[in-house]
1. Is it the case that the stretch 22-33 has a residue that's outside the structural domain of P132 (by TED's automatic domain parsing), modelled with pLDDT under 90 and touching a strand residue (DSSP E or B) at 6+ places or on another chain (Cβ under 7 Å)?
2. Answer with yes or no whether G87 is modelled with pLDDT of 90 or more and either outside any strand (DSSP E or B) or surrounded by 18 or more Cβ atoms within 10 Å (Cβ to Cβ) (or both).
3. Could you list, in sequence order, all residues of the stretch 75-116 that are of a type in the set (V, I, T) and closer than 15 Å to P140 by Cβ?
Amino acid sequence: MADVLVLNAGYEPLHRVSVKHAITMLVRGVAVVEESVEGHTFGPYPLPRVLRLVRYVAMRWRYRATGRPAVTKEGVKRRDGACAYCGGPAETIDHVIPRSRGGDSSWLNLVAACEPCNHRKADRTPLEAGMPLRLAPYVPPAEHALARRRRRPLSAAA
């Protein structure tokens, strides 16, 4: 048997773990055996096939209702396709409102950038740096994680 299914306290499936990890969970008392392999034991414990957690674990990341992909550096570069300031190759990402000024790491505050533009803009807003955005940041659809998107021009974002 390669792995053990772990259920939440409410019997929702969470993930699979190795048998070694499952035994550790049993020893620590964080899980109980719901189903075991017939005739096999591991010390005083039946060899588990399915475990259930004793306490409920809130899995907010699993049940996210936003319908949008998580923000990642690669995702932002894929969304924009090129530097948002000069149109050159995107090598990194840039915070439109700098983090030092309260800007967050969200789809609407991150754009793809090349290294020279990123350094030139530094800790300023695009307006302060005299570097207008060539495209507007937007929240891509959930399919963005799998499909390649075309750049949306700034004029079309309004």
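1. Within the stretch 22-33, the subset outside the structural domain of P132 (by TED's automatic domain parsing) is 22-33.
After this cut, where a residue has to be modelled with pLDDT under 90 as well, the list is none.
No; the residues of the stretch 22-33 include none that is outside the structural domain of P132 (by TED's automatic domain parsing), modelled with pLDDT under 90 and touching a strand residue (DSSP E or B) at 6+ places or on another chain (Cβ under 7 Å).
2. yes
3. Residues of the stretch 75-116 of a type in the set (V, I, T): 76, 92-93, 96-97, 111.
Within the stretch 75-116, V76, I93, V111 meet the criteria.
The values are calculated or read from the model by the stated rules, or taken from the named source; none is laboratory data. Since we're looking at a predicted model, the values are computed, not measured. Cβ: placed from backbone, ideal geometry, glycine included. Neighbour counts: every protein chain shown.
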